[in-house]
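Peer 1: My questions all concern the structure below.
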Amino acid sequence: MTTALPRFTLKHALTALLVVTLWGLNFVVIKFGLRGVPPLLMGALRFCLVAFPAILFLPRPKIPLKLLLGYAATISLGQFAFLFTAMAVGMPAGLASLVLQSQAFFTVMLSALILKDKLYIQNLLGMAVAGIGLVVLGSASLHASAHPVPMAGLALTLCAALSWASGNVFNKKIGPTNVLSLVAWSALVPILPFFALSYLFEGGDAIVYSLQHFNLTSALAIVYLAVAATLIGYTLWGKLLGSLPTHMVAPLTLMVPVVGLSSAWLILGEALSQQQMTGAVIVMSGLLINVFGGRILGAMIPGLR
């Protein structure tokens, strides 16, 4: 007797579409938020709103403290300190949404080094293709005549991707747990470091001025980042992972940069040059090879992955 595989229903599709849209629009919202609040202060305020009042109603996840701290330090503090700063120094929202997806390759490499996961042909080929794409994209962006992208912005976004990947490794070590509780309680950890970093790099005067002149746009941006993109997004994503096999859910994140690039073009007027678009397509091709390459190779050459 064989067990029927879970079906990808219309409800699943609508849930996935909502999550991908929330996460794709995230990058445009960050740009709006940065118009009134410096990046590190915005990180502190975002995680204050993620943690409170949620932790008053959610139990603390039953995981070792060191894993909770590691997860929070990487996927929360590291990722968003680098990402917000990158976008503050000029990294376009659309490109940020794409380059951040390099976390998939960093995750594969770190999992192989730390967790001793096996690397497959499609992983290596996908990383090679995406690496070429990043070189093309980076070169075109750094030397764009109209709106050149600063090297610092590109480098910081890659650091954000590495931080996200490091958090994924901690997530694997944590194992199955209540996603919403993990997100809410881990949000407590980066609050004070974000405020300290903001004071150190942005200055007390900038903090006071930003809070005194806090505008509706910044407030709505932080609410979106905390509630929509984080609490709602991660909760729905966790439900998808809980009801469907990982291989059916994980590839859906490839749609995030599609939404990110499209929304940045429609809302912010960010247009890619032909060379930038070529680099973006190559990067996406590498991501697709990494995710789907094993199935293609398995169909072409049985027993080979």
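Peer 1: Quick check: is even one residue across segment 161-178 within 19 Å of the chain's Cα centre (by Cα), at pLDDT 95 or above, among the hydroxyl-bearing types (Ser, Thr, Tyr) and buried (at least 19 other Cβ atoms within 10 Å of the Cβ)?
Peer 2: The answer is yes, given that some residue of segment 161-178 is within 19 Å of the chain's Cα centre (by Cα), at pLDDT 95 or above, among the hydroxyl-bearing types (Ser, Thr, Tyr) and buried (at least 19 other Cβ atoms within 10 Å of the Cβ).
Peer 1: Show the residue pairs that are 6+ apart or on different chains and have beta-carbon atoms under 7 Å apart, the first residue being within segment 264-275 and open to solvent by less than 100 Å² (accessible area, probe 1.4 Å), the second being part of a loop (DSSP other than H, G, I, E, B).
Peer 2: Filtered contacts from segment 264-275: Ala264/Pro92; Ala264/Glu270; Glu270/Pro92; Ser273/Ala144.
Peer 1: For the list (1) open to solvent by 40 Å² or more (accessible area, probe 1.4 Å); (2) modelled with pLDDT of 90 or more; (3) within 28 Å of Val179 (Cα to Cα), I need the number of the one condition that Gly242 fails.
Peer 2: Gly242 satisfies all of (1) open to solvent by 40 Å² or more (accessible area, probe 1.4 Å); (2) modelled with pLDDT of 90 or more; (3) within 28 Å of Val179 (Cα to Cα) except (2).
Peer 1: Looking at (1) open to solvent by 10 Å² or more (accessible area, probe 1.4 Å); (2) within 21 Å of Val249 (Cα to Cα), which is the only condition Leu115 fails?
Peer 2: It is condition (2) that Leu115 fails.
Peer 1: Another question about this same structure. Return the pair list, or none, for Cβ contacts closer than 8 Å from residues in segment 232-243 that are within 13 Å of Ala184 (Cβ to Cβ) to residues that are surrounded by fewer than 16 Cβ atoms within 10 Å (Cβ to Cβ) and modelled with pLDDT of 85 or more, at least 6 apart or on different chains.
Peer 2: Close Cβ pairs satisfying both conditions: none exist.
Peer 1: Could you run through segment 107-124 and say how many residues are hydrophobic (A, V, I, L, M, F, W, C) and touching a residue at least 60 places away in the same chain (Cβ under 8 Å)? Reasoning before the result, please.
Peer 2: Here is the first cut: in segment 107-124, the residues hydrophobic (A, V, I, L, M, F, W, C) are 108-110, 112-115, 119, 121, 124.
Narrowing further to those that are touching a residue at least 60 places away in the same chain (Cβ under 8 Å): 108, 121.
Looking only at that region, the number is 2.
Results for (1) open to solvent by 50 Å² or more (accessible area, probe 1.4 Å); (2) without any contact (Cβ under 8 Å) to a residue 40 or more places away in the chain; (3) closer than 24 Å to Pro92 by Cα, shown as yes or no for each residue.
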| residue | (1), (2), (3) |
| --- | --- |
| Val223 | yes, no, yes |
| Ala229 | no, no, yes |
| Ala250 | no, no, no |
| Gly260 | no, no, yes |
| Gly279 | no, no, yes |
| Phe292 | yes, no, no |
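Peer 1: To continue, here is another question. Does Gly90 satisfy the condition of being surrounded by fewer than 24 Cβ atoms within 10 Å (Cβ to Cβ) and under 12 Å from the mean Cα position of the chain (by Cα)?
Peer 2: no
Peer 1: Let me ask another. Filtering segment 132-148 down to residues that are within 9 Å of Val283 (Cα to Cα) and open to solvent by less than 30 Å² (accessible area, probe 1.4 Å), which residue is modelled with the highest pLDDT?
Peer 2: Step by step, filter segment 132-148, then rank; the result is Gly133.
Peer 1: Using the structure shown, decide if Arg46 is outside any helix (DSSP H, G or I) and not β-branched (Val, Ile, Thr). Quick ask: steps written out before the conclusion?
Peer 2: On the way: outside any helix (DSSP H, G or I): no; not β-branched (Val, Ile, Thr): yes.
Spelling it out, it is not the case that Arg46 is outside any helix (DSSP H, G or I) and not β-branched (Val, Ile, Thr).
Peer 1: Among the helices (runs of 4 or more DSSP H) contained in segment 188-272, which hold 2 or more residues that are closer than 27 Å to Ile289 by Cβ? Give the steps one after another, and end with the answer.
Peer 2: On the way: elements: 191-201, 204-212, 216-223, 233-243, 246-249, 256-263.
Per the criteria, 233-243, 246-249, 256-263.
Peer 1: If you don't mind, there's one more thing I want to ask. Would you confirm, using the coordinates I've provided, whether Ala160 is outside any loop (DSSP other than H, G, I, E, B) and under 15 Å from Leu49 (Cα atoms)? Break it down stepwise before answering.
Peer 2: Working: outside any loop (DSSP other than H, G, I, E, B): yes; under 15 Å from Leu49 (Cα atoms): no.
Considered against the rule, which asks whether it is outside any loop (DSSP other than H, G, I, E, B) and under 15 Å from Leu49 (Cα atoms), Ala160 comes out as no.
Peer 1: At pLDDT 85 or above, closer than 19 Å to Val99 by Cα and hydrophobic (A, V, I, L, M, F, W, C), is that true of Val283? Before the answer, list the steps.
Peer 2: Details: at pLDDT 85 or above: no; closer than 19 Å to Val99 by Cα: yes; hydrophobic (A, V, I, L, M, F, W, C): yes.
Spelling it out, it is not the case that Val283 is at pLDDT 85 or above, closer than 19 Å to Val99 by Cα and hydrophobic (A, V, I, L, M, F, W, C).
Peer 1: Suppose the filter is under 20 Å from Gly242 (Cβ atoms), among the β-branched types (Val, Ile, Thr), out of contact with any strand residue (DSSP E or B) (no Cβ under 8 Å at 6 or more places or on another chain) and part of a loop (DSSP other than H, G, I, E, B); does Ile75 pass it? If you could, list the steps in order and put the result at the bottom.
Peer 2: On the way: under 20 Å from Gly242 (Cβ atoms): yes; among the β-branched types (Val, Ile, Thr): yes; out of contact with any strand residue (DSSP E or B) (no Cβ under 8 Å at 6 or more places or on another chain): yes; part of a loop (DSSP other than H, G, I, E, B): no.
No; evaluated as a whole, the condition is false for this residue.
Peer 1: Another question, then. Check Cys48 against each of (1) surrounded by 19 or more Cβ atoms within 10 Å (Cβ to Cβ); (2) of a type outside the set (Asp, Glu); (3) at pLDDT 95 or above and name the one condition it does not meet.
Peer 2: (1)
Peer 1: Among (1) free of Cβ contacts under 8 Å to residues at least 24 places away in the same chain; (2) not in a helix (DSSP H, G or I), where does Lys66 come up short?
Peer 2: Every condition holds for Lys66 apart from (2).
Peer 1: Take Phe32 and tell me if it is open to solvent by 40 Å² or more (accessible area, probe 1.4 Å), assigned to a helix (DSSP H, G or I) and either over 21 Å from Trp164 (Cβ atoms) or in contact (Cβ under 8 Å) with a residue 12 or more places away in the chain (or both).
Peer 2: On the way: open to solvent by 40 Å² or more (accessible area, probe 1.4 Å): yes; assigned to a helix (DSSP H, G or I): yes; either over 21 Å from Trp164 (Cβ atoms) or in contact (Cβ under 8 Å) with a residue 12 or more places away in the chain (or both): yes.
Yes; evaluated as a whole, the condition is true for this residue.
Peer 1: Then there is this: Starting from segment 197-216, keep only residues that are open to solvent by less than 40 Å² (accessible area, probe 1.4 Å), then list their pairs with residues that are assigned to a loop (DSSP other than H, G, I, E, B) and not polar (S, T, N, Q) whose Cβ atoms are within a distance under 6 Å, requiring at least 6 positions of separation or different chains.
Peer 2: Every condition considered, the pairs that remain are Ala206/Pro38; Ser210/Val37.
The values are calculated or read from the model by the stated rules, or taken from the named source; none is laboratory data. On a predicted model such as this, the values are computed, not experimentally measured, just so you know. Here the Cβ is made from the backbone with ideal geometry for all residues, glycine too, and neighbour counts use every protein chain on show. The area values use the complete protein model at the heavy-atom level, side chains included, leaving out ligands, DNA and RNA. Shrake-Rupley method; radii C 1.70, N 1.55, O 1.52, S 1.80 Å.
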